[in-house]
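Written below as structure tokens is the structure these notes are about.
The values are calculated or read from the model by the stated rules, or taken from the named source; none is laboratory data. These numbers come from a predicted model, not from an experiment. Backbone-built Cβ (ideal geometry, glycine too); neighbour counts: all protein chains shown. Note: accessible area is taken over every heavy atom of the protein model, side chains too, but ligands, DNA and RNA are not part of it. Shrake-Rupley method; radii C 1.70, N 1.55, O 1.52, S 1.80 Å.
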Amino acid sequence: MLKLSRLRPSGNEGYLAWVLLAVIVTFSLLTPQFLTLQNLLDLTESYAVSGIFALGLFVVLVTGGIDISFAAVASVVQYAIATLAIHYGLSSPAGSILLAIAIGTVLGMINAILIYCLRIVSIIVTISMQSLLFGMLMWLTNGTSLYDLPDWLTTPIRVLPFSVGEQHYQIGLPVVVMLAVAALSWVLLNKTHLGRQLFAVGGDQESARRIGIRVGLLHLFAYGYLGAMAAIGGLVQVYRVGEVVPNALVGGELDVLAAAVLGGASLNGGKGSVVGTLMGVFLIGVLKNGLNLIGVSSYFMNIVIGVVIVAAITVTHYKKRKETEVGFA
């Protein structure tokens, strides 16, 4: 006889898996359109960009920081690469991608320099940077969208096609890129000395400094890594929609932050996992997709996401407090 205790989750990913299963079953019963292979593939591809952003943000959260300027960084990178391609003849795919990553990394590192050298709270710096970058982009471009993009950036690529019966499907390039970023992030955080140092800085920055860890350089790396992921996510978004819209990405930062926190990342740093982060992204995606299919107002969706964020942060801080409580006899 199966013991119920064996079904009890052993960690954050386990609890999240049960929540995901419950939400999927609920929406499957409410609408037959939800649990179809095409809908699930579309859902996965739609949230691939959010997944890339969340994985970059997770690295920053591990160090105890927070950065919400990644969407503005992605928008700037999109527009810069598209402008260089349209007006200045930038035609090399590899060169364009490397340049995009370089721009994103530099912008991310600027955040780290301001935060670490000036001792400014990270959320204040990144809110300011988000406003600055997005404001300059909209001012310099007048909010004009770009459509005449190079073929390499917009031509659909068949990746991992497969068939089920007479129906043909494929796993899209955005999903493949997201999985590659997830694999890179997992190896970085779990199999390298650098990853262990990142967790150490998030666990206790002062203790990490005392044992010789160069905290400033690690912050520089973490924020630069998020900038690079923002650049990659921005290019993937252009590939998906076939255009560059300056304000398309800005405004979804809370969803990405909620996904990372749901996945077990602590706002105090030093906790979380790549798998949990991806599960958090797709829990948000499943909630939005399911609510949309059953005809719930988009305004109510924002209420649901807000409740999810509050609940996740509350649980995270409750666990942290329980772990650090000292009892007195």
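Structural remarks
- Whole-number D in µm² s⁻¹ for the stretch 148-272, Kirkwood Cα-pair radius fed into Stokes-Einstein, 10 °C, 1.306 mPa s: 91
- The chain - mean residue ellipticity at 222 nm from DSSP helices (-39,500 (n - 2.57) per run, n ≥ 4, rounded to 500): -23500 deg cm²/dmol
- Solvent-accessible area of the chain (1.4 angstrom probe, protein heavy atoms only): carbon and sulfur portion equals 65 percent.
- Rg to Rh, two decimals, where the stretch 138-220 supplies the alpha carbon set and Rh follows Kirkwood: 1.24
- Farthest toward the positive end of the dipole of the chain, out of 78, 52, 122, is the Cα of 122, where the dipole comes from beta carbon charges about the Cα centre.
- Of the residues 200, 102, 135, the one whose Cα sits farthest toward the positive end of the charge dipole of the chain, with +1 on the Cβ of Lys and Arg and -1 on the Cβ of Asp and Glu, is 200.
- Cut-off under 5 Å, modelled amide H: who pairs with residue 64 long-range: 269, 270
- At least 24 Å along the helix axis (C-alpha) and Kyte average at least -1.0, DSSP helices within the chain: 12-30, 70-87, 93-118, 122-141, 173-191, 215-241, 274-293, 298-324
- Candidates 149, 267, 132, ranked by Gaussian network fluctuation over the chain, Cα under 10 Å, top entry: 132
- Structural size metrics of the chain, computed from C-alpha coordinates, are Rg and Dmax of 20.6, 74 Å.
- Ranked from largest to smallest solvent-accessible area, with a 1.4 Å probe on the protein heavy atoms, 232, 123 come out as 123, 232.
- Mean-square fluctuations from a GNM of the chain, with a 10 angstrom spring cutoff on Cα atoms, peak among 224, 104, 251 at 251.
- Sorting 253, 45 on solvent-accessible area from highest to lowest, probe radius 1.4 Å, gives 45, 253.
- Volume of the Cα convex hull of the stretch 36-80, divided per residue and given in Å³: 82
- Placing unit charges on the Cβ atoms of the charged side chains and taking the dipole of the chain about its Cα centre, the candidate lying farthest along the positive direction among 178, 297, 272 is 272.
- Order by protection proxy (mean Cβ within 10 Å, highest first), peptides 107-118, 163-174: 107-118, 163-174
- Across the stretch 66-105, the residues whose backbone nitrogen lies under 19 Å from the label position 7 Å along the beta-carbon direction of residue 268 are 66-67.
- Anisotropy class of the stretch 1-150 from Cα gyration tensor, a/c 1.5 cut: oblate
- Taken per residue, the accessible surface of the chain reaches 51 Å², heavy atoms only and a 1.4 Å probe.
- Contact order for the chain, expressed relative to its length and based on alpha carbon pairs under 8 Å spaced 6+ residues apart, stands at 33 percent.
- Relative intensity of the stretch 84-186 on a log10 scale, I(q)/I(0) at q = 0.10, 0.11, 0.16, 0.23 Å⁻¹, equals -0.50, -0.60, -1.05, -1.26, per a Debye sum over C-alpha point scatterers of equal strength in the absence of solvent.
- Fluctuation leader among 207, 50, 266 - the chain, Gaussian network, Cα springs under 10 angstrom: 207
- Rounded to the nearest 20, the Cβ-based charge dipole of the chain about its Cα centre (Lys and Arg +1, Asp and Glu -1) stands at 1180 debye.
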